[in-house]
Every structure is written in C-alpha cells, then in structure tokens.
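As structure tokens, the structure follows; a few thoughts come after it.
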Amino acid sequence: MPASPADRLEITFASLKEKRAEVLGLVVGEGPQFPPIAKQLDDDGDGVLSRAVEAAAFKAKAKSSVEILAPTGLKEKRVVLIGSGDAEGAEENDWVMLGGVVGSKLGAANAKTASLVVEIDGEAKLPEHEVAAAIALGAYLRGYKFDKYITKKESDEDGAKDRRFVKLVVHCSDPKKAEKSFASRKAIGDGVMLARDLVNEPANVLGPVEFAERAEALKGVGVEVEVLDVKEIKKKKMGALLAVAQGSSRPARVVVMRWNGGKKSEAPIAFIGKGVVFDTGGISIKPSAGMEDMKGDMGGAACVVGLMYALAGRKAKVNAVGLIGCVENMPSGDAMRPGDIVTSMSGQTIEVLNTDAEGRLVLADVMHYAQERFEPQMMVDLATLTGAIMVALGKSYAGLFCNNDELAEGILGASEATGEKTWRMPLDKAFHKMIDSKNADVKNLGGRWGGACTAAAFLERFVLDKDTPWAHIDLAGTAMDAPKNEINQSWGSGWGVRLLDRLVADRYEG
Ligand code: BES
Ligand code: MN
Ligand code: ZN
C-alpha cells in the first residue's frame, strides 16, 4: 500500500532562507505581531502589509486571515496573513485547526505550490518545529477530497490543471526537526484519510470482500492481516454475524489486524469495528429517503482500519489488534426474519425482533472472538450503531459507554486533546431489563426509549470478563455527514482515528 495516494497534498519543509513560492502564507501572532520575514516583506513593499492589516482591521485572532493580491513592490502574487491568536496558550490541536485554515486559504489561491512561513518566538507552548508539523497535519487533512468518480473535473474545462494545489512548503528555522515531527503526524493523517475513503466509497464498489481487501493492504505498512471467509466464520460459530450476512449475495468477512510494536509479554489492546457495508434494514426495511447514507454504516470498521494504519505508520510502541466484521444487511428470500432466534459465538441465544438492529449482532460475535483469542488488556468497539445517539447528542458528539472510569477518563481526555468529542452515557441494569427476552437469552430490541443505551447494554452482555476495561463508542452522528470544520470538508469524516491514536499515545505506549 502506498504511504498515501497520489492526490494527497505533498508537504515538505524548508529553511527560512530558502526561496519561497509566489503564493505565500505567513503565520502572524495576535496583535498583529509580524514575525521577522513579514516585517522584511512589509519594508520591501513600503508598508504594503501594514496597510492591508489596517484596512481590514486585522487583529490576527486565531484562524482569521487577510489576503493581499499582487502586493506592490513584492514579487509574490498573493500574500496571506493567517492569525495564530495567542501562541502562548495554543495547544497541539489549536495548531492543527490553524493548519486547516492555512490549507483552505492557500488551496484557494489557484497555484500548484504555496509556501508557508512559520516563525514562532520562545513564548509558545510547543517548540516551533512541532507547531510547524501540527499546522502541516491540519493542511494535509484539509486537502482531502473524494472526487475519484467525477470524470469531468473543473480543471479540465478551463485548462487549469496546473492550478490545482498539490504542494505546500513549510518554511521554519529547523526544517529537519519539523520534518521528523511531521512523520508521525502524517501517518495519523493518512489513517484518517484512509478511513474517509472507506466511508465515502459507495457500497456497490465496497462490499464485504472488497472492504477486507482494503484492510489487507495494511500488510504494506507491517500490519499482520488475516481475513476469515464464510467457511472459517461458520467454523467459529459466529451465528449472529452470519444471520445478518445471510440475506446478501455478497459473503461476509472478518478481518483480524495485528500491530506488534510493544513488548512480547504485553497483552494487546483491542479495537473492534462494525463494518456493515450497506444497511437496508433487512426485512425490517428502512424508509427509502436517506437510505443512501447507509453506505457509511461501516464507519466503525473504517476507523479501526485507519487507526491500525496510523499506529503502524508511526511505529507505535504498543501491541494492538483490530477486528472488523464486514457484512451487508439486505432483504431477500434468504434473509433473517423478525422472530428468528440465532446462536452467537458466545453461546448466548438472541431473539431478532428487528432485523435493522443488525450492528449489535455483528459486534457480539466479533467482540467475543477478540476476547477469546487475544485476552486484551482493554477493548474499544466503534459502531454507527443507533439513530438514537443522534437524537441524544446531535452530530458533533459521539456517545461513550464505558465500564471503567479510568478508561473513560482516558477517552474523554483524548477527546479534549483532539477535538473529536465524546460524551459519557450510562450503562445500567435498567437497560438490561429492557432487552431480556421471553424466548431467548437476549433480544436485539429494547423498546421505544433509550435506544442507544439498550444497544450498549446488549453489547455489554458480550464482554467476557467484567474486569476487562471496555468502551463502546457510538459514532452514528460523527462518522458521516457531520458538521464540516477546519480540517474536514468530507462527508466521511474519518472520525475517531485521531481520538484513539491519542488515547494509545497517552495511555498505552510504553
Ligand atoms: N446503522 C443504523 C444506525 C444509524 C442510523 C447509523 C442513521 C447512522 C445513521 C443501525 O443499524 C440501525 O438501523 N439502528 C436502528 C436500531 C433500531 C431498529 C433498534 C435505529 O437506530 O433506528
Ligand atoms: Mn440497521
Ligand atoms: Zn446499521
């Protein structure tokens, strides 16, 4: 697998002395406070930058900007002043978001290459090379576009192919150090964009088999990957997952990814993803309006694949396993019916009252398998599991259900650090009561209220050892069609890769 597809923004680092492109961005401290190169340009151009600042009443507040076109006396075609706000208080994520603004402003400049000057004095919390690298990550992510199926690109029409933004050169005082700092961030960025690609891809192209193949490509970055086919899945008695898959003509796959970056003796951490490549609802079919969005019902699995890529790409010092269940939920003559009772790998029987509550059936088996095989020290599952989580939290928070306060704090802390927000939701006996079945051990439907909570309670029944810290993240609202922001303009957001990468870095790397 190439480190990143050819259409990703190329990012390089250069010294402050090196020749700059005609499109130039300058990071300016609040005030505005011109760094040395900006001062020099202002002098060279007889105050052309100062005049623009005054005319625009530019205070260089965070993420604000001023563009000066064809400045008199300078050879630049366009100079963009980008406010950093108060550099002293800015954290990593503030710089990443600022990088998104940089990517947007310089990307809109009709040029192939742009330069950005990052000169930060000693006041900032992060050293300058890390600031430069964080900004670069933001620009890298902002540059993402899912346009592979648009055969008539704008650029073809007006012959402007050459004006597509392809390269950003970040100038700073220690480009070598900055480049090194960027390497791990680039791996994370590539993981995020891999997840976005998977979510955006339509289901006719990305069936369970194809999804598994995309995951298999992680071998290229040193991840061990096994793909279980239907025969093997049957042998493992994953009756719940198979019940979902049986309505589709496209066979199921379970993918096991392993990254061994930690000590041999150390138990792995496990990530489990719901990979429903398309969710029609099955026989309990969904209404047609908006059903197209269900191509993103593999957002949890996409996040796990993107995360494994990121961990391997930055050679994380951790043992991590990623397991995903890839199926399609279709109505057909072979589909499961409401009222069917299926036997999960754990041995627990499940009464299927609604075939549209399929994600929990898939996860039940994959979670069980992950625990039985790997005895992980911690486990996080990710799933676009319920519409109810969006009713509760909207589309900028994911729901966090967790049986362990320390793990929950770790995830909430990682949310704080990355801006990928989670909100803790309850696990409670009351919700278990709602999924007790008269005819089987458990039913897959909890009734009218607390739909996200009964879904989480269902999953809790498949936690083998109650002492294993386990978190369930319901990302139905955030994985797709979430509010656009500085670093994401895509329908598929790649949500969760940065969050979990941070959790791993903060809590699980030796
Ligand atoms: N994949 C859906 C949840 C979903 C809905 C994700 C909208 C993203 C956007 C899930 O499989 C589902 O259909 N859940 C049902 C559960 C219900 C039948 C208990 C739901 O939320 O309506
Ligand atoms: Mn469903
Ligand atoms: Zn679903």
Checklist outcome for this item: Per the helix-only model, the chain has a calculated mean residue ellipticity at 222 nm (DSSP H runs of ≥4, -39500 (n - 2.57) each, divided over all residues, rounded to the nearest 500) of -10500 deg cm²/dmol
Checklist entry - When the Cα atoms of the stretch 241-372 are enclosed in a convex hull and the volume is divided per residue, what value in Å³ results? => result 93 Å³
Checklist entry - Measuring with a 1.4 Å probe in the full set of protein chains, what accessible area per residue, in whole Å², belongs to the stretch 328-450? => result 43 Å²
Next on the checklist: Let's test this: bin the Cα-Cα distances of the stretch 255-323 at 5 Å from zero up to the farthest pair and state each bin's percent.
Outcome noted: 4, 16, 21, 17, 11, 9, 8, 6, 5, 2, 0
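Starting from the Kirkwood radius over alpha-carbon pairs of the stretch 372-510, derive D by Stokes-Einstein at 10 °C in a medium of 1.306 mPa s and give it in µm² s⁻¹.
Values: Rh = 15.7 Å.
Taking Rh from Cα pairs, D becomes 101 µm²/s.
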Checklist entry - So in the stretch 227-348, what percent of DSSP beta bridges are antiparallel if you round to the nearest 5? => result 50 percent
Item to check | For the chain, size of Cβ-based charge dipole, Lys and Arg +1, Asp and Glu -1, in debye | outcome: 780 debye
Checklist outcome for this item: Sorting 403, 393, 303 by the position of each Cα along the dipole of the chain (Lys, Arg +1; Asp, Glu -1; all at Cβ), the one nearest the positive end of that ordering is 303
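Magnitude of the Cβ-charge dipole of the stretch 152-267, K/R +1 and D/E -1, about the Cα centre, nearest 20 debye?
That gives a dipole near 500 debye.
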Checklist entry - Nearest 10 degrees, 0 to 90: what angle lies between the long axis of helix 128-142 and the longest principal axis of the chain (Cα atoms)? => result 60 degrees
Checklist entry - Considering the dipole of the stretch 421-503 built from charges on the beta carbon (Lys and Arg +1, Asp and Glu -1) around the Cα centre, which of 449, 487, 437 is farthest to its positive end? => result 449
Checklist outcome for this item: To the nearest 10 degrees, the tilt of helix 497-507 (Cα long axis) against the first principal axis of the alpha carbons of the chain is 90 degrees
Item to check | the stretch 21-116: translational diffusion in µm²/s, Stokes-Einstein, Kirkwood Rh over Cα pairs, 25 °C, 0.890 mPa s | outcome: 185 µm²/s
Checklist outcome for this item: Charge tally for neighbours of residue 313 with beta carbon under 9 Å away, counting Lys, Arg as +1 and Asp, Glu as -1, is +2
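Considering only the stretch 1-129, what is the antiparallel percent among its DSSP beta bridges, to the nearest 5? Before the final figure, lay out the partial values.
Values: 6 of 16 bridges.
Antiparallel: roughly 40 percent of the beta bridges in the stretch 1-129.
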Checklist entry - If we restrict to alpha carbons, what Rg and Dmax does the stretch 60-148 come to, in Å? => result 13.5, 43
Item to check | Debye log10 I(q)/I(0) for the stretch 313-410, one point scatterer per Cα, at q = 0.15, 0.21 Å⁻¹ | outcome: -0.83, -1.30
Checklist outcome for this item: In the chain the accessible area split gives carbon plus sulfur, as whole percent at 1.4 Å, a share of 50 percent
Checklist entry - Where does the charge balance sit around residue 252 when Lys and Arg score +1, Asp and Glu -1, over other residues with C-beta under 9 Å from its C-beta? => result 0
Item to check | Cα Rg over Rh - the stretch 1-44, Kirkwood | outcome: 1.13
Item to check | Cα-based helix-to-principal-axis angle, 359-374 vs the chain, degrees rounded to 10 | outcome: 90 degrees
Checklist outcome for this item: Taking only the alpha-carbon positions of the stretch 279-356 as identical scatterers, the Debye log10 I(q)/I(0) at q = 0.15, 0.17 Å⁻¹ comes out as -0.73, -0.83
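With N set to the residue count of the chain, report its C-alpha Rg divided by 2.2 N^0.38 Å to two decimal places. Please list the in-between numbers first.
Numbers: Rg = 24.5 Å, N = 510, 2.2 N^0.38 = 23.5 Å.
Taking the Cα Rg and dividing by 2.2 N^0.38 Å, one obtains 1.04.
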Checklist entry - Which number comes out as Rg/Rh for the stretch 467-510 once both Rg and the Kirkwood Rh are worked out on C-alpha atoms? => result 1.07
Item to check | Positive-end residue of 382, 21, 244, charge dipole of the chain with Cβ unit charges | outcome: 244
Next on the checklist: Which three extents, in angstrom, do the Cα atoms of the stretch 369-447 have along their principal axes, listed largest first?
Outcome noted: 46, 35, 20
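When Lys and Arg each count +1 and Asp and Glu each count -1, what net charge do the other residues less than 14 Å away from residue 464, Cβ to Cβ, add up to? Intermediate results must be reported in sequence, preceding the final value.
On the way: positive: 373, 461, 466; negative: 365, 372, 375, 381, 460, 465, 467.
With Lys, Arg at +1 and Asp, Glu at -1, the net is -4.
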Checklist outcome for this item: Percent antiparallel among DSSP beta bridges confined to the chain, nearest 5, equals 40 percent
Item to check | Per residue, in Å², the accessible surface of the stretch 193-301 once ligands and nucleic acids are set aside, probe 1.4 Å | outcome: 39 Å²
Checklist entry - For the stretch 1-113, what is the accessible area per residue in Å², given a 1.4 Å probe and the full set of protein chains? => result 48 Å²
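Given the Cα atoms of the stretch 19-72, and with Rh set as the inverse mean 1/r over their pairs in the Kirkwood sense, what is Rg to Rh to two decimals?
Working: Rg = 10.6 Å, Rh = 11.5 Å.
Value, to two decimals: 0.92.
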Next on the checklist: Starting from a Cα-only point model with no solvent, please compute log10 I(q)/I(0) by Debye for the stretch 104-206 at q = 0.14, 0.19, 0.25 1/Å.
Outcome noted: -0.68, -1.03, -1.31
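The values are calculated or read from the model by the stated rules, or taken from the named source; none is laboratory data. This structure is a prediction, so every number in the text was calculated from the model and none was measured. No Cβ is skipped: glycine too gets one built from the backbone with ideal geometry, and neighbour counts run over all protein chains shown. What goes into the accessible areas is simple: the full protein's heavy atoms, side chains included, and nothing from ligands, DNA or RNA. Shrake-Rupley method; radii C 1.70, N 1.55, O 1.52, S 1.80 Å.
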